[in-house]
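These notes concern the structure reproduced below.
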Amino acid sequence: MTVSPSSPLFSLSFLLLLLSLRLCLAASTGKIGEGYRLVSIEESPDGGLIGQLQVKQKTNTYGADIPHLQLFVKHETGTRLRVHITDAEKERWEVPYNLLPREKVPSLKKSLGNRGKPFAASEYPGNELIFSYIPDPFSFAVKRKSNGETLFNSRSEETDSYSSLVFKDQYLEISTKLPTSASIYGFGENTQPKGIKLQSNDPYTLYTTDIAAINVNMDLYGSHPVYMDLRNNGGEAYAHAALLLNSNGMDVSYRGSSLTYKVIGGVFDFYFFAGPTPLAVVDQYTSLVGRPAPMPYWALGFHQCRWGYRNVSQLEGVVEGYRKANIPLDVMWTDDDHMDAAKDFTLDPINFPREKLQPFVKKLHSQGMKYIVLIDPGIAVNSSYGVFKRGMANDVFIKHDGEPFLAQVWPGPVYFPDYLNPRTVTWWADEVRRFRELVPVDGLWIDMNEVSNFCTGKCQIPKDRPCPGTGQPWDCCMDCTNITNTRWDDPPYKINASGIHAPLGYKTIATSATHYNGVLEYDAHSLYGFSQAIATHNALLGLTGKRPFVLSRSTFVGAGHYAAHWTGDNQGTWENLRYSISTILNFGMFGVPMVGADICGFYPQPTEELCNRWIELGAFYPFSRDHANYYSPRQELYVWDSVASSARNALGLRYKLLPYLYTLNYEAHTTGAPMARPVFFSFPNFTESYGLSTQFLLGSSVMVTPVLKQGATSVKGMFPPGTWYNLFDMTKAVVSDSAHWVSLDAPLNVVNVHVYQNTILPMQRGGTRSREARMTPFTLVITFPAGATGGEAKGKVFVDDDELPEMKIAGGQSTYVEFFATLSPKKVKVWSEVTEGDYAAKKSLVIEKVKVLGLEGLGQGLEIEVNGEVMKDIKADFTQVSLSHVEKLGGNHKKSMMVEVGGLTLSLGKNFAMSWSMGIKG
């Protein structure tokens, strides 16, 4: 929840000030620095290389150059190279190693006093990547060992518009050349109106900011200074990625042929990931920043929220509304409505009294449902408020001039906890414990943690008027003065904050404020939400011993290891419906796979048609939640009959796909693989998919093609070559052999979801609660190319006790099954290989049906064997499959058939093998 859309983003006077400031900014027309020369380089005793750099010619633009730098280079793994550059004489701010654990670079004293063997070569090769350098002016390059292609090159030539390496106290600049054929993705959080591919000359600013996601090409809630580069030369695709691990504000300028970082502090700490596939890149990236958190099974169900559920009775009514409409629902949420005067960890004694809320939550739990509430970081300054008093006693708040920094959010004047302080983390866990004793919530939603502040500057609580006052709660009611007298609040280089070069402290914490051990907000600003997510995740884990669920608005590198994310305040418009896909796909690449957008839009009221189309898309977000604004009319999925119909249809399929989604959750946790992926992840050589942002894959082989335009009754989709079977009606399939747009029927209550050939897809019967749906029998959907006489298919499923903190195959607490199928002209074989089958056997999970799609001709004379025994009583149904768009097959109109074998009782926890022979009619 954030400021209402009816409130102006900036006051007119402040806008005029900012515009004036922008006009007065000194635009640099030339290069800012002359670079550095490498004066020595040697092998580090602990591995890697250490070099010393000296500035060539000092300049004063944006401050004085740091005269001596230390270079550290190391191949940390066979596919990961680190290049670290910092001041050689003085420690500088870096992302804290306790927040993001990683290898440490040699200390300055150690590297200066413990000289290694001189390094004479110009190249430093690893298994997959090669580091090379030019001494004067110093530049470095990273090449792919297998083909010699240059992936990163910081050299600046006379004809380039960017500088050589620049390293000042508050301004760092470095660039890389890029081939114009490269497709670049990343640098978020950013609403990208033109899709997932970065557009040259669009602004990319990274600085966590409470600006609604409706604002395109602006710095939003998260900071992820990482990009993926996908290149296809000669028909073979190669992907790699580069992370600049730096929490300071930065501008990234992408010009098509080059990319330039302009950073206002910290160090250059680059990590390069060799790939060469997109999946391998994310695997290597998350192995560094942290594997995504495992999600409880229920989190993959449908969630309902609203800012404006006024009392417990309304919550009860919403649950009953979903039940009557027969629409799946797993989790009920409340925004700040449950709080007493918007104070964290409290209950409204009139509308959400404990004696009413506790029985409601108990009933939810008895029905297999969950309850989650919001908490904001701001702690109300109130001497009668226990949370505040305990916070003051433990000295947990961020300070300015030695006193807690005073801000304003929903409860009025607040202080912000400092999650870099160990005492704060302990205090926070205790407050979570106290609150869960009031009401046993199943997860926590941390919002406004960019951090958001309704005021700017140094403030005092007014003595001559109430605060909050009688106006809107987001109106600043305190007496405030701007802080511009420090180089932290007014740095020499102004990043393009909020798209208008807003001051860094605008509507947030003053950047001259200090955290634990004197850490400046200037440096740590973009880490706030990340540090709060870590503290909240660990608090829940320590209290319950169960798998935590945390949803955070603000994120940083590694946030997916602790929390899920939603894309923030969007609008109920067709444009925002479309924008959501790119943001969700980006977060999958950032290592935050559990992500979704507010279905039907946060504000204003969506049209009935838009809400239909949004639930048809949102049912397939990894995190699927309807959420609305306080000032918007009700938009639960049962409000409109047509939307209820679309919800039953789309969510009905989602709940049948829950075993597949949960297995994707397991893969994300163990390899980083995004749950929702760009199409090029599975088809990296299909260049037509490189900018495709209107369709996406769930896992490797389920394609979602939503309607994104008003009034449409059909939708165009781009399908990579092969056969794609409609999951709503498996007797229909799209066959493609080249890049062309396919028109699909899509009346109002229909969304197109297809599964690719050579897949074994585990499905269950579904239901309206994940707890019941996960216990129903399985169906294996096996897909071969249409009309195939030979082929192979594979699939897998992971099941476990989803309350366990970890998802792993061990100790009888989980079961992992791999499925295989082969097709020969007259025989189909299907079998499984089970790891740790006891859990599935204990839960009596069984396979009741096998569907095989794509067989040639019509079947007859079917004889089925299961584990070597002929099964005479098992029946099989044969259905003709209708193929569309086969004209692209050059006239090869083969018939295709679906065989459905039912009546099975195969234990999921035991290896099985089944086969059948059948005659073929031409």
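Numbers at a glance
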{"quantity": "Leading residue by the ranking (nearest to the chain's Cα centre (by Cα)) among those in the stretch 630-663 that are of a type in the set (S, T, N, Q) and at pLDDT 95 or above", "calculated": "Thr663"}
{"quantity": "Subset of the stretch 352-378 [in a loop (DSSP other than H, G, I, E, B) and surrounded by fewer than 18 Cβ atoms within 10 Å (Cβ to Cβ)]", "calculated": "Pro353, Gln367, Gly368"}
{"quantity": "The stretch 411-456 - residue that is assigned to a helix (DSSP H, G or I) and of a type in the set (S, T, N, Q) and, of those, least open to solvent (accessible area, probe 1.4 Å)", "calculated": "Thr424"}
{"quantity": "Candidate set from the stretch 155-174 (those that are free of Cβ contacts under 8 Å to residues at least 40 places away in the same chain and either in contact with a Pro (Cβ under 8 Å, 6 or more places away or on another chain) or over 19 Å from Thr61 (Cβ atoms) (or both)); member that is surrounded by the most Cβ atoms within 10 Å (Cβ to Cβ)", "calculated": "Arg155"}
{"quantity": "Selection from the stretch 725-758 of residues that are surrounded by 15 or more Cβ atoms within 10 Å (Cβ to Cβ), of a type in the set (A, V, I, L, M, F, W, C) and under 21 Å from Ile581 (Cα atoms)", "calculated": "Leu727, Val742, Leu744, Ala746, Leu748, Val750, Val751, Val753, Val755"}
{"quantity": "Elements of type strands (runs of 3 or more DSSP E) contained in the stretch 62-140, each with 1 or more residues being open to solvent by 60 Å² or more (accessible area, probe 1.4 Å), closer than 25 Å to His515 by Cβ and of a type in the set (Asp, Glu)", "calculated": "none"}
{"quantity": "Hits in the stretch 361-383 (condition: closer than 24 Å to Ser552 by Cα and of a type in the set (Lys, Arg))", "calculated": "Lys370"}
{"quantity": "Elements of type strands (runs of 3 or more DSSP E) in the stretch 147-193, at least 1 residues being of a type in the set (Phe, Trp, Tyr) and modelled with pLDDT of 95 or more", "calculated": "150-153, 183-188"}
{"quantity": "Hits in the stretch 842-869 - residues which are open to solvent by 60 Å² or more (accessible area, probe 1.4 Å) and either more than 30 Å from Val742 (Cβ to Cβ) or modelled with pLDDT of 90 or more (or both)", "calculated": "Lys842, Lys843, Ser844, Gln860, Gly861, Glu863, Glu865, Asn867, Gly868, Glu869"}
{"quantity": "Residue in the stretch 888-922 that is least open to solvent (accessible area, probe 1.4 Å), counting only those that are under 39 Å from the mean Cα position of the chain (by Cα) and either modelled with pLDDT under 60 or of a type in the set (D, E, K, R) (or both)", "calculated": "Glu900"}
{"quantity": "Val519 being in contact (Cβ under 8 Å) with a residue 60 or more places away in the chain and more than 25 Å from the chain's Cα centre (by Cα)", "calculated": "yes"}
{"quantity": "Criterion (assigned to a strand (DSSP E or B), open to solvent by 30 Å² or more (accessible area, probe 1.4 Å) and more than 27 Å from Ala821 (Cα to Cα)) met by exactly one of Lys716, Lys796", "calculated": "Lys716"}
{"quantity": "Filter pass, Trp474 being in a loop (DSSP other than H, G, I, E, B) and within 19 Å of Pro377 (Cα to Cα)", "calculated": "yes"}
{"quantity": "Gly591 being in contact with a Leu (Cβ under 7 Å, 6 or more places away or on another chain) and part of a loop (DSSP other than H, G, I, E, B)", "calculated": "no"}
{"quantity": "Residue satisfying condition, being more than 24 Å from Leu69 (Cα to Cα), in a strand (DSSP E or B) and either within 21 Å of the chain's Cα centre (by Cα) or not β-branched (Val, Ile, Thr) (or both), within set Tyr204, Tyr271", "calculated": "Tyr204"}
{"quantity": "Residue count for the stretch 821-841, restricted to those that are touching a residue at least 40 places away in the same chain (Cβ under 8 Å) and open to solvent by 40 Å² or more (accessible area, probe 1.4 Å)", "calculated": "8"}
{"quantity": "Failed item, numbered, when Glu803 is tested on (1) open to solvent by 70 Å² or more (accessible area, probe 1.4 Å); (2) assigned to a strand (DSSP E or B)", "calculated": "(2)"}
{"quantity": "Residue among Ser154, Ser183 that is among the small types (Gly, Ala, Ser) and closer than 18 Å to Leu245 by Cα", "calculated": "Ser154"}
{"quantity": "Check on Gly275, crowded, with 24+ Cβ neighbours inside 10 Å, over 26 Å from Val550 (Cβ atoms) and not polar (S, T, N, Q)", "calculated": "yes"}
{"quantity": "Exclusive hit being in contact (Cβ under 8 Å) with a residue 40 or more places away in the chain, among the charged types (D, E, K, R) and either buried (at least 24 other Cβ atoms within 10 Å of the Cβ) or assigned to a helix (DSSP H, G or I) (or both), set Glu616, Glu636", "calculated": "Glu616"}
{"quantity": "Meets criteria (basic (Lys, Arg) and within 29 Å of the chain's Cα centre (by Cα)) for Arg465", "calculated": "no"}
{"quantity": "Subset tally (residues that are of a type in the set (Ser, Thr, Tyr) and within 22 Å of Ser257 (Cα to Cα)) for the stretch 196-218", "calculated": "3"}
{"quantity": "Residue identified as surrounded by fewer than 23 Cβ atoms within 10 Å (Cβ to Cβ), within 30 Å of Lys370 (Cβ to Cβ) and among the charged types (D, E, K, R) among Arg291, Arg255", "calculated": "Arg291"}
{"quantity": "Scope the stretch 493-522; condition in a loop (DSSP other than H, G, I, E, B) and either acidic (Asp, Glu) or touching a Cys at 6+ places or on another chain (Cβ under 8 Å) (or both); matching residues", "calculated": "Lys507"}
{"quantity": "Matching residues, the stretch 594-607, being farther than 17 Å from His669 by Cα and either open to solvent by less than 10 Å² (accessible area, probe 1.4 Å) or part of a loop (DSSP other than H, G, I, E, B) (or both)", "calculated": "Gly596, Ala597, Asp598, Ile599, Cys600, Gly601, Phe602, Pro604, Gln605, Pro606, Thr607"}
{"quantity": "Options Val318, Val282; residue that is at pLDDT 95 or above, β-branched (Val, Ile, Thr) and surrounded by fewer than 24 Cβ atoms within 10 Å (Cβ to Cβ)", "calculated": "Val318"}
{"quantity": "Criterion violated by Val381 - all others in (1) open to solvent by less than 10 Å² (accessible area, probe 1.4 Å); (2) of a type in the set (Val, Ile, Thr); (3) in contact with a Pro (Cβ under 6 Å, 6 or more places away or on another chain) satisfied", "calculated": "(1)"}
{"quantity": "Qualifying position, being buried (at least 21 other Cβ atoms within 10 Å of the Cβ) and within 21 Å of Gly591 (Cα to Cα), among Val267, Val263, Val226", "calculated": "Val226"}
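Residue-wise test of (1) in contact with a helix residue (DSSP H, G or I) (Cβ under 8 Å, 6 or more places away or on another chain); (2) surrounded by fewer than 19 Cβ atoms within 10 Å (Cβ to Cβ).
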position: Asp475; (1), (2): no, yes
position: Met478; (1), (2): no, no
position: Asn482; (1), (2): no, yes
position: Pro491; (1), (2): yes, no
position: Ile495; (1), (2): no, no
position: Ile500; (1), (2): yes, yes
position: Thr511; (1), (2): yes, no
position: Glu521; (1), (2): no, no
position: Phe530; (1), (2): yes, no
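The values are calculated or read from the model by the stated rules, or taken from the named source; none is laboratory data. Predicted model only: the values in this text are computed from it and were never measured. When we count neighbours, we look across all protein chains shown, and the Cβ atoms used for this are built from the backbone with ideal geometry, even at glycine. Surface accessibility is based on the protein's heavy atoms, side chains included, excluding ligands, DNA and RNA. Shrake-Rupley method; radii C 1.70, N 1.55, O 1.52, S 1.80 Å.
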